[in-house]
Amino acid sequence: MSRSLHTDPYPIRAARRLGAPRGRRAAEPTVLRRRARQPEPELGTRPAPAPVDDPQPRVPIRESPFPVRESPARPGFLHPASVGDIARLLDFFGPELRYGLRAVELRQAVGADRPGPLLARLLVPGVVILHEQPRPPWIVPGRLLPGSRSRLLRAGARVESTAMSTRIDWPGTTLRDFMLFDGLLHEIGHHLVQHGTGKRTARVRRTADHERYADEFAARCRQRWAAAATTGAARNPTGVARG
């Protein structure tokens, strides 16, 4: 099996590169141990590398701060998930989710190019945009499509429809969680597809397959978050336990 750092499993590679984002690969422990075992060069060749005193040297690991930027919401709108909510969620799921992400930005939804609330989008490579949302309740014309209605109900919304319009209420923290999982983590699912294949900008799957993976990824993350909440393993300022 190859010992190249390129072949490390994705979670291991993510943790290593997040810990030392500007570190040289030649200074990583695997490379240093390999060079320490190499034989001395013959006379007349280039000098041997400096000896390594520690047979298993350690590269200092330092988590780099992850940028979460916020633009104030307009009157009548809000950012359901705060900067702190986003930071705690990314901390809970660890380096594998943050690897390759450049920023998360909370923005106004000015100039949206499609009707209805715009939840989130991914700007490749590696920037997730979470848009402000109208303050509940939401009133939308007509009836929702069955898939949209099921998605909202699954997220904890209360949906009431008439022949002319649909009213959507968000009790408690359901709107915040909807933004975190169906918005942020859904878009991170798209990001992981692109980043994990090494193709940062070229689409690597059909749109339907991309969406299916992102939906399933967000659902798995929600289940893991909920399971941690029921165990009460650790304190979390949002009221949800962290693993």
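Once the C-beta distance of A229 and S165 is scaled by a Förster radius of 51 Å, the resulting FRET efficiency is 0.90 to the nearest 0.05. Taking label positions 7 Å along the Cα-Cβ direction at both R88 and H210, the computed distance is 3.2 nm, reported to one decimal.
Accessible surface for S161 stands near 40 Å², nearest 10, in the context of the full protein assembly shown (1.4 Å probe).
The values are calculated or read from the model by the stated rules, or taken from the named source; none is laboratory data. All values derive from a computational prediction rather than experimental measurement. Virtual Cβ from ideal backbone geometry, glycine too; neighbours counted across all protein chains shown. The area values use the complete protein model at the heavy-atom level, side chains included, leaving out ligands, DNA and RNA. Shrake-Rupley method; radii C 1.70, N 1.55, O 1.52, S 1.80 Å.
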